[in-house]
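Please treat every number below as a calculation from the coordinates, not as lab data. Everything quoted here is computed from the prediction, not taken from an experiment. Here the Cβ is made from the backbone with ideal geometry for all residues, glycine too, and neighbour counts use every protein chain on show.
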Amino acid sequence: MPFVGLAVIGAAFIVLPLVALLIRVPWGNAREALGGIGASTALRLSIEVSLAATAISVVIGVPLAWVLARVRFPGRALLRAVVVLPVVLPPVVGGIGLLQALGRRGVVGGWLYDAFGIQLTFTTAGAVLATTFVAMPLIILATEGGLRGLDDRYERAAAALGGSSWYVMRRVTMPMIAPQLAAGAVLTWARALGEFGATITFAGNLAGRTQTLPLAVYQAREIDQGGAVLLSLILVALSLVVLVGLRGRVIGPQ
């Protein structure tokens, strides 16, 4: 069938660059290459930043998803569109927006600096904010989808039996959408781990402070091609582990 041939071409198009990474990895001097480009520091910082961004996304993203799914108000559709915009927005545009809002001379950042001496640009906190901005829509989408697909008869029954709104939320709603929450949180973490454009634009590329693994790949490409290939392979492996772990929830059962 023609579709089979096209499917083979499509699969080859995706697989070929990944296979090329494996072929071109300098396995013989991998340890020296990784040590020379500060891979361990970049990996540690990437994990710290991505976990912090995921935690922030859960804390403020899940309530926002609940409001979008359950509360009717004028402009809800527009708010939803704006909230998920970072999914399709070029990350560098998000970084520029963050600079204008939270930079040292930004709309809010200028006030923070003048009043409290707080500067978010070129800091680890700035890297966390940049990755949160880009990654948070994923958990919002997952949580809102779970809430919209939830059979609300269970919630109504719990409320009829005397459960408070907080009790119903904590003991009925959240457990029932736990799979969507978990999938959204992991995808948010994976997106935060791979964030590049907004981070380098807003937080810069400072080793040990804002240089996450994708930024280290970018820098290594200029000075050590083999090191860049190694770092890229690490990111591929981490992303693959995430997708395999979520295969039943994100890409369907096997």
### Query
When only C-alpha pairs under 8 Å and at least 6 residues apart count, what is the relative contact order of the chain, in percent?
30 percent
### Query
Could you give the dipole magnitude of the chain about its Cα centre, charging the beta-carbon of Lys and Arg +1 and that of Asp and Glu -1, in debye to the nearest 20?
560 debye
### Task
Taking the Cβ of VAL67 as the centre, find all other residues whose Cβ is under 15 Å away and add up their charges (Lys, Arg: +1; Asp, Glu: -1).
+4
#### Entry: Gaussian network model of the chain, Cα within-10 Å springs - most flexible of ARG24, ARG153, ARG221
ARG153
### Query
Using alpha-carbon positions, what is the distance between the centroids of the range 169-225 and the range 133-158, in Å?
22 Å
### Query
Cα gyration tensor of the chain, axes a ≥ b ≥ c as square roots of the eigenvalues: rounded (a/c below 1.5), prolate (a/b > b/c) or oblate?
oblate
## Note on the structure
Most exposed first, judged by fewest Cβ atoms within 10 angstrom, GLU144, GLU222 run GLU222, GLU144
### Query
Going by how many other beta carbons lie within 10 Å of each one, how would you line up VAL93, VAL59, fewest first?
VAL59, VAL93
### Query
Who wins for biggest fluctuation among GLY97, GLY126, GLY163 in a Gaussian network model of the chain, springs between alpha carbons below 10 Å?
GLY163
### Task
Would you mind telling me which residue in PRO17, PRO91, PRO137 has the biggest mean-square fluctuation in a Gaussian network model of the chain, where springs connect alpha carbons within a distance under 10 angstrom?
PRO17
### Summary
Hydrophobic long helices for the chain, i.e. whole DSSP H runs reaching 20 angstrom or more by Cα along the axis with Kyte-Doolittle mean at least 0.0, come out as 2-24, 39-70, 124-148, 178-193, 225-245
### Task
Order by neighbour count: ILE60, ILE177, ILE14, ILE234, fewest other Cβ atoms within 10 Å first, most last.
ILE14, ILE60, ILE234, ILE177
